[in-house]
Structures are given as structure tokens and as C-alpha cells.
Amino acid sequence: MRSVRPPYGSFRLTRPTVLCETPPMHLADVNLNLLVALKALLDERHVSRAAVRCHVTQSAMSKNLARLRDMLGDRILVRSGNALVRTPLAESLVPRVDAILRDVTGVLESGGFDPAVSRREFAVSVTDYLAQYVLPAALAPAYAEAPYVSVDIRIWNVDVEQALRDGRVDVASCILYGPVAPDMLYSVTGEDGFSCLMRADHPLAGGELTLADYVAHSHVVITSGTDKQRVIDTALAREGERRRVALRVPLYASAMEIVSRSDLLLTVPAHIGRNLGPRYGLFARPLPFDAPRFSFGIMWHRRTDADPGNIWLRGHLLRELFASPFGH
């Protein structure tokens, strides 16, 4: 009898491939130094730079990376062109490793915080305005007292409260329009309202700014920091008006530079307008409608209120916020 060939070619039944499973990990097998190495590798994305940061040889850091890959069952860093990039798992580990190491440092320093010898890492969330004009003067004396601490400055974003809860951020600057969440503590350094900035030779600079003029011109909106756009748009909606936003930028400096070269308008906290406006040749006018006033300062989570390191950091930030002309 002649055999019949299957219409789609021959095939074979094979056993399913079984992927190698990562053996269960025991805490006793984990060296805390591996977490320090993991943070350096995640931050630097470069074995040699991570080695320098941890004061070990490149060979030792390569061995750390190999062990971490074996323990986590993940490549952690993979090559993309001439650079190493983090895997999705590695990306998810960044905030968790940061929080773990800060908590461990807090445990080790629970008996007190000695700035002269501490190697603690702090994360501070601020706007670019504070990062440029207030933090340098606050951090200079801090580093004189604590030469081995590390500070990670992060641009403020909308998840800052959750970051404070998770331990990813230690202290944050922010603007508040009402009471803080029950688990947050806040120190007020000033109160303010809004003003409208325009270039000195703007068509509206010569007379009173009316609501009709305000909504007839296009606007720049700064997207970083506490949500200021919605507050202004809500106030306009109560007047039955809305504005056209022609440009959104994350940085105050970029926004003001653009406004100085165009007919665009920029609405900012009045003290920032007073402090930065003249540097860009900008003219400040009061808003032609009622907008909420607000308080500003720094915020931290209740669980860190009595932490000596957090108290030390807050002290340096608050002293400069009260002393600096840019702080209010």
C-alpha cells in the first residue's frame, strides 16, 4: 500500500521545553553589599562606573552582576548599541531598591544621625525653580557638615505623595490649595497668589489687563510641579471663559525665555514672577479674575517626622527657604 504524505509536510511530536526555574532564594544567602552593588548598577548602567562608585574593582563588580543575574533570573542590564540599558524588571526594581537601602540606613542610624560620618542617601523632590535658585545655597552648608551623604534631586511630579509614602522620596517641596493628607506633615514657608507675565513691550503691557485681553491671547503652561494649570482653568470656567494653551514646557527658565521673545502670556506664582521676571525682561500684571491663593513649603511623611536624618535635611531646606529672596 502506498503511503500518503501529509498535505503540510511531515512533523514530529516533541517533548515540551522546560525552562530552567530560579531556585528559591533565602534571606541568609543575600549579602547587603549586593543591594548596594545593584543600586550602583541600576543607576550607572555601566559596570566600570558602578565599580568606582562602590570602591571595588571592575572584576568584582562583574562578579556581583553575574550573581545578581543568577539570583533574580534576569539579565538586569542588556546591551543596546554601545550602551547598557535596564530590563523591564530592572526598571521596576529602581524605586524599590532605593527605598530598601534608605530604610536600612535608617535602621543602622536609629540611635542617631551623625552628619560627619553618615553615608545616607536622601531623595528630594522639588521644582526646577527651587533646584536652581534655592537648593545650591541650602546644600553647600549641608555638604560641609555631611561630606559623605548623597542627595538625589528629582523634579516634582504628581505622584510625590505616594513617593513619600513608599520611601522613594524623603522631603518634597510643593504648593497646597487645601489641607494635606492625614499621613503627611507640612511646614509652610510662605503664602501667595498668581500673576501674569508678558514681555515688557507686549501690546498689553501699557494698560490694565482685562479678562477679555487675557483669554484673547495664547498662553504658556509649566507642566512640572504642583498642578497650576487646572486651578487657573477652573477659575476661568467660573467666569464663563477659557484660555488657549499654545505651549506646554516643564521648566520655568524655558517658559520665561519663550515669553520674552513672543506675545505669549505666562501665569505663575507671584513671588516667582517677581524674582525671575526682571531677569528675562518680563512685566508682571495682576490677574483680571479671582484665583485661589495658596501656601507653599516642604512636606514629608509622618513616619519620618522623628527621624534624625530627615530632621537634619529639613532644617537645611527650611533655613534657606526662609532666608533666600527666591524662597518667598
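Observations, loosely collected:
- Residue, modelled with the lowest pLDDT, within the range 220-247, restricted to residues that are in a strand (DSSP E or B) and within 24 Å of Ser295 (Cα to Cα): Ile222
- Only residues that are assigned to a helix (DSSP H, G or I) and among the charged types (D, E, K, R) were counted across the range 51-86, and they come to 5.
- Taking (1) surrounded by 17 or more Cβ atoms within 10 Å (Cβ to Cβ); (2) in the same structural domain as Val124 (by TED's automatic domain parsing) in turn, Leu276 satisfies each apart from (2).
- Lone unmet requirement of (1) modelled with pLDDT under 90; (2) in contact with a strand residue (DSSP E or B) (Cβ under 9 Å, 6 or more places away or on another chain); (3) surrounded by 18 or more Cβ atoms within 10 Å (Cβ to Cβ) for Val124: (1)
Every residue, every condition in (1) out of contact with any strand residue (DSSP E or B) (no Cβ under 6 Å at 6 or more places or on another chain); (2) loosely packed, with under 13 Cβ neighbours inside 10 Å, yes or no:
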| residue | (1), (2) |
| --- | --- |
| Phe289 | yes, no |
| Pro292 | yes, yes |
| Met299 | no, no |
| Ala306 | yes, yes |
| Arg319 | yes, no |
| Ser324 | yes, no |
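- Screening Val158 with (1) among the hydrophobic types (A, V, I, L, M, F, W, C); (2) in contact (Cβ under 8 Å) with a residue 40 or more places away in the chain; (3) in a strand (DSSP E or B) gives one miss only, at (3).
- Residue in the range 221-230 that is farther than 30 Å from Ala306 by Cβ, touching a Ser or Thr at 6+ places or on another chain (Cβ under 7 Å), touching a residue at least 24 places away in the same chain (Cβ under 8 Å) and of a type outside the set (A, V, I, L, M, F, W, C) present: yes
- Cross-chain or 6+ apart pairs with Cβ under 8 Å, the range 76-91 first and touching a residue at least 12 places away in the same chain (Cβ under 8 Å), then among the charged types (D, E, K, R) and assigned to a strand (DSSP E or B): Ile76/Arg86; Leu77/Arg86; Val85/Arg79
- Pick from the range 277-328, criterion outside any helix (DSSP H, G or I), charged (D, E, K, R) and touching a helix residue (DSSP H, G or I) at 6+ places or on another chain (Cβ under 7 Å), ranking: modelled with the lowest pLDDT: Asp307
- Residue count for the range 231-246 under the criterion of being crowded, with 16+ Cβ neighbours inside 10 Å and under 12 Å from Ser218 (Cβ atoms): the result is 1.
- When each of Tyr148, Tyr186, Tyr143 is tested for being in contact with a Lys or Arg (Cβ under 9 Å, 6 or more places away or on another chain) and under 19 Å from Asn310 (Cα atoms), the lone residue that passes is Tyr148.
- Filtered by the rule that a residue be at pLDDT below 95 and assigned to a loop (DSSP other than H, G, I, E, B), the range 248-264 gives Pro250, Leu251.
- Residue in the range 163-170 that is among the charged types (D, E, K, R), in contact with a Pro (Cβ under 8 Å, 6 or more places away or on another chain) and either part of a helix (DSSP H, G or I) or surrounded by fewer than 16 Cβ atoms within 10 Å (Cβ to Cβ) (or both) present: yes
- Residue match in the range 114-134 (condition: at negative phi, more than 20 Å from the chain's Cα centre (by Cα), in contact (Cβ under 8 Å) with a residue 60 or more places away in the chain and not in a loop (DSSP other than H, G, I, E, B)): no
- Filter pass, Thr267 being modelled with pLDDT of 95 or more and either surrounded by fewer than 20 Cβ atoms within 10 Å (Cβ to Cβ) or hydroxyl-bearing (Ser, Thr, Tyr) (or both): yes
- Residue match in the range 123-136 (condition: under 20 Å from Cys54 (Cβ atoms) and in the same structural domain as Arg165 (by TED's automatic domain parsing)): yes
The values are calculated or read from the model by the stated rules, or taken from the named source; none is laboratory data. Since we're looking at a predicted model, the values are computed, not measured. All Cβ positions, glycine included, derive from the backbone under ideal geometry; neighbour counts span all protein chains shown.
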